[in-house]
1. Using alpha-carbon positions, what is the distance between the centroids of region 70-96 and region 132-161, in Å?
2. Can you count the Lys pairs in the chain with C-alpha separation below 17 Å, eight or more apart or on different chains?
3. Kindly give the semi-axes, whole Å and largest first, of the ellipsoid equivalent to region 134-240, taking each as the square root of 5 times a Cα gyration tensor eigenvalue.
4. Of ASP358, ASP27, ASP288, which is the most mobile in a GNM of the chain whose springs link Cα atoms less than 10 angstrom apart?
5. Taking R0 as 30 Å, what FRET efficiency do you get between GLU73 and VAL380 from their Cβ-Cβ distance, rounded to the nearest 0.05?
6. Students often check this: by mean Cβ neighbours within 10 Å, which of 241-248, 152-159, 269-276 ranks highest, and how do the rest follow?
7. Within region 339-380, which residues have the backbone N less than 12 Å from the label spot 7 Å out from VAL31 along Cα→beta-carbon, could you tell me?
8. Once the cut-off is 20 Å, how many percent of the Cα-Cα pairs in region 56-150 end up in the long-distance tail?
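Laboratory data are not the source of any read-out in this text; all were calculated from the coordinates shown. Note that the structure is a prediction, hence the values are computed from the model and not measured. Cβ: placed from backbone, ideal geometry, glycine included. Neighbour counts: every protein chain shown.
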Amino acid sequence: MGRSVFSGGRIVTLDGIVEGGSVEVCDGRVVKLSASPSPDSFGDVIHLEGDYLLPGFVDVQVNGGGGVLFNDEPSVERAIEIAEAHRAFGTTRLLPTLISDDLDKVEQAVSAIDEAVRREVPGIAGVHIEGPFLNVEKRGIHDARKLRRLSNEAIKILTSAEHAQVLVTLAPECAERDQVSHLVAHGVKVCIGHTNASYDETHCVLDAGATGFTHLFNAMPTMRSRAPGVIAAALESNAWCSLIVDGAHVHPAMLRLALRAKLDRKLMLVTDAMPVVGANTDHFYLDDRRINCVDGVCLSEDGTLAGAALSMLQAVRNAMTMLDISIEEASSMASHAPCSFLGIDDQVGAIALGCAADLLRVSADYQLLQVWIDGVETSV
């Protein structure tokens with residue numbers, strides 16, 4: 001790959017913005033970060049001309065994009081199409097996400113993404129199995145006919161990957177504590193979601209090794225004074241919480257409260273994106289149900305929210321305005337935070353020495369201009 005340098009930009013790092021700085025890349029990795037521009041004598045120079053340089057976004061919940069729904073065909077080829085669609089919005093790595101389905105479809109999804117990671121397909125960081133181990137009362141758009149308790153057969157499938165990170169979202173009331181412990185012991189990341197779990201039930205699964213909560217507030221019971229429930233457990237835990245910041249899934253005031261309550265700042269952005277992202281269409285089908293995209297919101301014909309028409313670039317912009325945070329913090333919630341959750345933050349998710357050169361050039365008005373993965377520019 002050789003060497004290149006990004007010079008004269010506003011470099012967004014974990015320690016703040018380096019104004020007019022430069023980043024040197026060698027063989028796809030960041031090897032030098034400087035507070036001054038690169039000398040003109042350096043060979044391959046990308047002149048940023050004052051634009052922002054951000055780490056690439058990482059999204060752990062992507063149901064589809066570019067007209068493709070992962071559930072329709074959980075294959076390497078469809079995962080590639082989804083990743084390419086989201087790359088145009090700054091997402092350089094993602095987890096294709098399977099909405100609750102039969103176990104044979106879960107097995108297909110795990111096998112396909114395991115193969116994609118084995119092949120080192122650009123942009124694929126693992127697979128997210130959202131259900132079917134969910135509470136039917138909090139299913140949202142998930143098909144009630146697909147829902148079930150966690151079983152030994154399902155555990156065998158979830159722990160079968162040899163190369164890919166597997167993430168599963170489950171309801172505590174649909175799994176036994178020792179089952180969760182077994183998943184975690186075999187490398188599976190466990191998130192809590194689509195649940196009616198009590199505060200104590202939630203802590204039982206956290207104690208068993210769960211480390212995340214899927215789309216905090218959504219598909220969860222509200223907090224009450226004598227029944228704090230899963231949301232209170234999430235906010236006071238040291239687990240990661242994902243947020244859908246589109247103004248439709250959660251009121252911005254609730255998001256701001258979560259930001260203030262979660263003192264460890266273990267909050268990450270997700271899109272929960274559906275096929276309409278990066279596609280010229282206003283609808284798609286989930287099983288036999290038509291889902292319409294109305295004013296940027298995905299709704300079934302009975303008015304149920306069905307994922308989101310949200311890109312990570314828009315989620316970052318929304319976070320800045322709705323949560324009243326800086327570009328540094330919003331960027332971190334879309335890059336370093338999910339990588340920390342996945343345990344790969346020493347490899348990707350920040351502009352830091354030794355990290356993969358997954359980079360975004362973004363204008364002063366937050367338009368995406370250029371994308372690099374492992375130091376190689378890709379089309380946007």
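1. A separation of 22 Å, based on Cα centres.
2. On the way: LYS105/LYS146; LYS105/LYS156; LYS138/LYS146; LYS156/LYS189; LYS189/LYS266.
Total qualifying Lys-Lys pairs in the chain comes to 5.
3. Working from the Cα gyration tensor, I get semi-axes of 22, 16, 12 Å.
4. Among ASP358, ASP27, ASP288, the largest GNM mean-square fluctuation belongs to ASP288.
5. 0.75
6. Working: 241-248: 22.5, 152-159: 16.6, 269-276: 28.0.
Result, highest mean first: 269-276, 241-248, 152-159.
7. 354
8. On the way: 1489 of 4465 pairs.
When all Cα pairs of region 56-150 are counted, 33 percent exceed 20 Å.
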